[in-house]
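K.L.:
Next up is a structure, given as structure tokens.
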Amino acid sequence: MPHKIGIIFGMENTFPGAFVEKVNALSNPEVRAEFVRIGGVPMAEPSGYRVIVDRISHDIPFYRAYLKNAALNGTIVINNSFWWSADDKFFNYALASKLGVAVPPTVILPHKQHPPGTTDQSMRNLIYPMNWDEVFQYVGFPAFLKPFNGGGWRDVYHVHTPEDFFRAYDQTRDLCMTLQRAVKFQEYFRCYVVGQQRVHIMQYDPRRPHHERYVRNGPQIDPRLLERVERDALTLCRALGYDLNTVEFACEDGIPYAIDFMNPAPDADVHSVGQDNFDWIVNAVAELAVAKALSAENSAGDLRWSAFLKGGSAESVEKGAATKAVGRGRGKPQAQAAP
């Protein structure tokens, strides 16, 4: 029987079908791709899939539980559901700074409103009143107030003064927020990173309307800047263990600052990313899924992440990832810059 590769997804319409079509078009008799179908999930039973590409479990707890059970029983899930459940952007920023990747000054803030089921008695370890002047002096203005684990630009505020900050903070309900210094960028990149080996650098402008943010026919970029963007993107994804991610860099005075790199189900809709970028990500993820399906990788034996939680150096993280990749028969890392 061929190895089954599944994809689990939500409202997106273009990527899932193209992914299944691409895998099956490779005409490898040892693999077959399809949309995953899920009903009641028996405890500790195999899913029947060798690989599942996860595009939606961050929004659906039922799917997350299904994928963890599948991984426990031998399915390789892209991305690792156990780590994704524990990950957050504030930790990512701290880890990036340990790895030598540039990150703007960032602080995490207490909830504006008590989380459900808690009161002021639940917050007895919290300093009150907060020393806001100390926070503002460390971060500086302008800045972005954004959720520590959000996405899609939801509940993100661009603030220029303390007064701006407090108006925005008052609207954050019980969300846990970070405040991060804004980068006055000259260049901005969004990078697909696949299999911790392949990088596709796309020029991007977050100030434009959503459907115009991926820049076509952009200006020439200094190759040295692109090399550093590629290197930092790989360093971050190898440290975090993501096989599919987008990493965003805002570049000021030639320094790429990592702004957002917790996107394990990144935008891959042809209507927003454009045909060339869409073709690249479909092909790259299909090839990765097939390689994993045919590998000897043991998902249940790879559920620990203590090594990078110690804050190892970028060199040690990359060396470990390279050794692991060689063991799986992967080739030399490649990068591609969008025109």
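The values are calculated or read from the model by the stated rules, or taken from the named source; none is laboratory data. Quantities reported herein were computed from a predicted structural model and do not represent experimental measurements. As a convention, Cβ positions derive from the backbone with ideal geometry for all residues, glycine included, and neighbour counts pool all protein chains shown. Calculation scope for accessible area: heavy atoms of the full protein, side chains included, ligands and nucleic acids excluded. Shrake-Rupley method; radii C 1.70, N 1.55, O 1.52, S 1.80 Å.
K.L.:
Is it the case, given these coordinates, that Val139 is in contact with a Lys or Arg (Cβ under 6 Å, 6 or more places away or on another chain) and closer than 25 Å to His158 by Cβ?
P.N.:
Here the answer is yes, as Val139 does meet what is asked.
K.L.:
List, please: which pairs have Cβ atoms under 6 Å, are six or more places apart or on different chains, and start with a residue in region 268-281 that is open to solvent by less than 10 Å² (accessible area, probe 1.4 Å) and end with one that is part of a helix (DSSP H, G or I) and modelled with pLDDT of 95 or more?
P.N.:
Hits for this filter: Ala268/Phe15; Ala268/Ile281.
K.L.:
Consider region 96-124. How many of its residues are surrounded by fewer than 22 Cβ atoms within 10 Å (Cβ to Cβ) and in a helix (DSSP H, G or I)?
P.N.:
Count: 6.
K.L.:
Of everything in region 186-232 that's open to solvent by 20 Å² or more (accessible area, probe 1.4 Å) and among the β-branched types (Val, Ile, Thr), which residue is nearest to His271 (Cα to Cα)?
P.N.:
Val215
K.L.:
Which residue is surrounded by the fewest Cβ atoms within 10 Å (Cβ to Cβ), if the candidates are limited to region 286-304 and must be assigned to a loop (DSSP other than H, G, I, E, B), of a type in the set (A, V, I, L, M, F, W, C) and at pLDDT 80 or above?
P.N.:
The qualifying residue surrounded by the fewest Cβ atoms within 10 Å (Cβ to Cβ) is Ala296.
This table checks each residue for (1) among the charged types (D, E, K, R); (2) at pLDDT 95 or above; (3) within 16 Å of Gly151 (Cα to Cα).
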position	(1), (2), (3)
Asp222	yes, yes, no
Leu225	no, yes, no
Glu248	yes, yes, yes
Asn263	no, no, yes
Ala268	no, yes, yes
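K.L.:
Is there any pair linking a residue in region 37-51 that is outside any loop (DSSP other than H, G, I, E, B) to one that is surrounded by 10 or more Cβ atoms within 10 Å (Cβ to Cβ) and modelled with pLDDT of 95 or more, with Cβ under 6 Å and at least six apart or on different chains, and which?
P.N.:
If the second residue must be surrounded by 10 or more Cβ atoms within 10 Å (Cβ to Cβ) and modelled with pLDDT of 95 or more, the pairs left are Val51/Ile5; Val51/Ile76; Val51/Ala289; Val51/Lys292; Val51/Ala293.
K.L.:
When you look at Val77, is it part of a strand (DSSP E or B), touching a Leu at 6+ places or on another chain (Cβ under 9 Å) and open to solvent by 10 Å² or more (accessible area, probe 1.4 Å), yes or no?
P.N.:
Yes; evaluated as a whole, the condition is true for this residue.
K.L.:
State whether the residues of region 214-221 include one that is assigned to a strand (DSSP E or B) and closer than 19 Å to Gly152 by Cα.
P.N.:
yes
K.L.:
Let me ask something else about it. For the subset of region 7-35 comprising residues that are within 20 Å of Ser295 (Cβ to Cβ) and in a loop (DSSP other than H, G, I, E, B), which member is least open to solvent (accessible area, probe 1.4 Å)?
P.N.:
Step by step, filter region 7-35, then rank; the result is Asn28.
A quick yes/no check of all residues on (1) part of a helix (DSSP H, G or I); (2) closer than 15 Å to Ala102 by Cβ:
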{"residue": "Ala233", "(1), (2)": "yes, yes"}
{"residue": "Pro256", "(1), (2)": "no, yes"}
{"residue": "Ile259", "(1), (2)": "no, yes"}
{"residue": "Met262", "(1), (2)": "no, no"}
{"residue": "Asp267", "(1), (2)": "no, no"}
{"residue": "Ser272", "(1), (2)": "yes, no"}
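K.L.:
Let me ask something else. Test Leu225 against the criterion of being more than 18 Å from Val285 (Cβ to Cβ), in contact with a Gly (Cβ under 8 Å, 6 or more places away or on another chain) and part of a helix (DSSP H, G or I), and give yes or no.
P.N.:
When the stated conditions are applied, Leu225 passes them.
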